[in-house]
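A.B. asks: Below you'll find the structure I mean.
The values are calculated or read from the model by the stated rules, or taken from the named source; none is laboratory data. What you are looking at is a predicted structure, and each value in this text was computed from that prediction instead of being measured. Using ideal geometry, Cβ is built from the backbone for each residue, glycine included, and neighbour counts are taken over all protein chains shown.
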Amino acid sequence: MISKKEIVGSKKYSSFLKNLVNFLEQSRRQAAQVVNTVLTATYWETGRRIIEFEQHGKNRAEYGKELLKHISKDLNKRFGRGFSVDNLETMRLFYKAYPLHKISETLSRKLTFRALRELRGCIIRRLVRRRVVPFLDLKLLCLS
C-alpha cells in the first residue's frame, strides 16, 4: 500500500497539482473577463435605457435627477446596493460617451487603458463586496 507521504511527495503528484493550479488560474481569468464584458454591456445598456426613457428623443430631460432618485430607490430595493444616483449617472454618461453609432469595435478597445482599469476596478470591488463572485481572487481579477 502506498502512503500519503509517497503520493504527495511524488513527481506525478507535483505535475498533477501544477496542471490543476494552471487550469484553475486560467478559468478564473476567463471568468473575470466574462464578468467584465457582461457588466460593461449591462451598464452601457442601463445608461441607454435611462436616457431614452427620460428624454423621449429630446436632447435634454427636464427632470433627470428626480427620475434617477426614483430609479435608484427602486433598483436598490430590488437588487441591493450598487444603484446609487451617482452610479446611475455614471451609466448614463458611459452611454453618452459611447453611443451605438460610435461603437465600431469592442468597448474595451475604445476605452483608454486607464479608463478601462478604473471601470474594471470599480466593478470588481462592487462584485467582491456584494459576494457576487466570492470564488474569484481579487488580485487575479485585477491582473486580467
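A.B. asks: Name the single residue, out of those in segment 66-75 being more than 13 Å from R49 (Cβ to Cβ) and modelled with pLDDT of 90 or more, that is surrounded by the most Cβ atoms within 10 Å (Cβ to Cβ).
C.D. replies: Among those that are more than 13 Å from R49 (Cβ to Cβ) and modelled with pLDDT of 90 or more, it is S72.
A.B. asks: Moving on to the next point. Here are some residues: R60, R78, R49. Which one is loosely packed, with under 10 Cβ neighbours inside 10 Å and modelled with pLDDT of 90 or more?
C.D. replies: One residue alone meets the criteria, R78.
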